[in-house]
Amino acid sequence: MTTHKILVLPGDGIGPEITAEALKVLNAFSSNTRSFTLRTELIGGCSIDAHGTPVTDAVIQAALDSDAVLFASVGGPKWDGVRRGLEGPEGGLLQLRKAMNVYGNLRPCISPCKAVTREFSPFKEEVVEGVEYLVLRENCGGAYFGKKVEEKDYAMDEWGYSAPEVTRIARLAAYLALHHKSPTFSNNPLPIISLDKANVLASSRLWRRVVTETITTEFPQLKLTHQLADSASLLMATKPRVLNGVLLADNTFGDMLSDQAGSIVGSLGVLPSASLSGVPGEDGKEGLKGLYEPTHGSAP
């Protein structure tokens with residue numbers, strides 16, 4: 001019997017409600033050879049109310065000691081204007097991601113069936129039919145974790161990346177491109193489309209250079225193209241199939257464009273998200289810690 005330790009973090013708003021349903025699915029996978037040990041803790045606004053902090057050291061340690069974390073959502077109007085940044089409800093999730101080093105955030109989006117498209121999607125069926133994205137967002141660097149300055153008349157967010165941070169996310173993109181089998185691509189490797197703003201941002205120029213070096217040197221069999229993030233947003237709204245493949249982006253652009261991808265199916269509420277701490281099988285790793293959640297927020 002293999003027992004998996006799962007840390008459950010329902011969080012705020014709609015979080016507890018959807019967590020209850022997710023646990024029904026998880027329990028359905030229990031068997032004579034596999035079981036789950038669940039530990040439920042607070043995060044986000046409810047943790048601020050109870051402990052004065054969006055995530056406690058004990059919860060972070062519990063996450064590190066678990067095989068996986070099942071997270072729902074944080075935040076809501078109750079805490080708006082009271083605490084922001086790492087001290088606000090969302091800061092609990094950011095701190096958890098950083099502590100777990102789950103740097104690769106995978107957010108898939110596949111065009112729904114025609115009935116769902118007609119009911120929920122703002123797009124015509126023929127526009128979104130055949131869309132298949134694997135959005136891979138760098139999850140532990142960039143503007144969300146950089147130095148902050150917030151004064152009355154001036155504010156600043158440091159948006160920086162190191163070459164090793166970009167290299168590791170590029171390698172994870174390559175793994176996904178090689179191992180995700182899809183009829184859309186005749187079971188061939190997926191193309192990688194790297195999104196940036198290399199025309200204006202220094203961090204994006206480093207991003208583009210390191211992604212290019214990593215893929216062309218280590219994975220020459222893969223197709224890599226670069227796309228400015230703002231024009232990618234336009235393509236997603238007008239010719240979404242053009243972007244089919246692995247969409248590789250930094251923290252900020254990945255956050256925005258994966259949310260925009262929700263419009264294809266009509267709601268962020270049905271899109272999943274997995275944050276991984278490495279490349280499966282790399283350096284002999286048999287298992288990886290992961291943080292699993294819906295893409296949507298707390299829906300206050």
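Applying the set (1) assigned to a helix (DSSP H, G or I); (2) closer than 15 Å to residue 139 by Cα to residue 209 leaves exactly one unmet item: (2). Scanning the range 179-190 turns up no residue that is of a type in the set (A, V, I, L, M) and surrounded by fewer than 21 Cβ atoms within 10 Å (Cβ to Cβ). Of the strands (runs of 3 or more DSSP E) lying entirely inside the range 1-93, those containing at least 3 residues that are more than 23 Å from the chain's Cα centre (by Cα) and exposed (fewer than 14 other Cβ atoms within 10 Å of the Cβ) span 34-40.
Across the range 191-202, which residue is farthest from the chain's Cα centre (by Cα) among those that are surrounded by fewer than 22 Cβ atoms within 10 Å (Cβ to Cβ) and not β-branched (Val, Ile, Thr)? Please lay out each step first, then the result.
The first filter runs over the range 191-202 and keeps only residues surrounded by fewer than 22 Cβ atoms within 10 Å (Cβ to Cβ), leaving 191, 197-202.
The next check asks that each one be not β-branched (Val, Ile, Thr); those that pass are 191, 197-199, 201-202.
Details: 191: 19, 197: 20, 198: 22, 199: 25, 201: 22, 202: 23 Å.
Restricting to residues being surrounded by fewer than 22 Cβ atoms within 10 Å (Cβ to Cβ) and not β-branched (Val, Ile, Thr), the top hit is 199.
Residue 77 passes every criterion in (1) outside the structural domain of residue 186 (by TED's automatic domain parsing); (2) touching a helix residue (DSSP H, G or I) at 6+ places or on another chain (Cβ under 6 Å) apart from (2). Pairs only if they're at least six apart or on different chains, beta carbon under 9 angstrom, first in the range 133-157 and closer than 19 Å to residue 86 by Cα, second assigned to a loop (DSSP other than H, G, I, E, B) and basic (Lys, Arg); list them, first residue then second. Sorted first by the residue in the range 133-157, then by its partner, the pairs are 150/84; 156/147; 157/147.
How about the range 122-147: which of its residues are in a helix (DSSP H, G or I) and either of a type in the set (Phe, Trp, Tyr) or in the same structural domain as residue 91 (by TED's automatic domain parsing) (or both)? Even if it seems obvious, please write down each step before you answer.
Restricting attention to the range 122-147, the residues satisfying the condition of being in a helix (DSSP H, G or I) are 125-128, 142-144.
Listed by number, the list holds a single entry, 144.
Could we say that residue 168 is outside any strand (DSSP E or B) and either closer than 21 Å to residue 274 by Cα or charged (D, E, K, R) (or both) here? Taking the combined requirement at face value, the residue satisfies it.
For residue 119, indicate whether it is on the phi < 0 side of the Ramachandran plot, surrounded by fewer than 21 Cβ atoms within 10 Å (Cβ to Cβ) and not assigned by TED's automatic domain parsing to the domain that holds residue 293. Answer is yes for this residue.
The values are calculated or read from the model by the stated rules, or taken from the named source; none is laboratory data. Bear in mind the structure is a predicted one, so any value in this text is a computation, not a measurement. Virtual Cβ from ideal backbone geometry, glycine too; neighbours counted across all protein chains shown.
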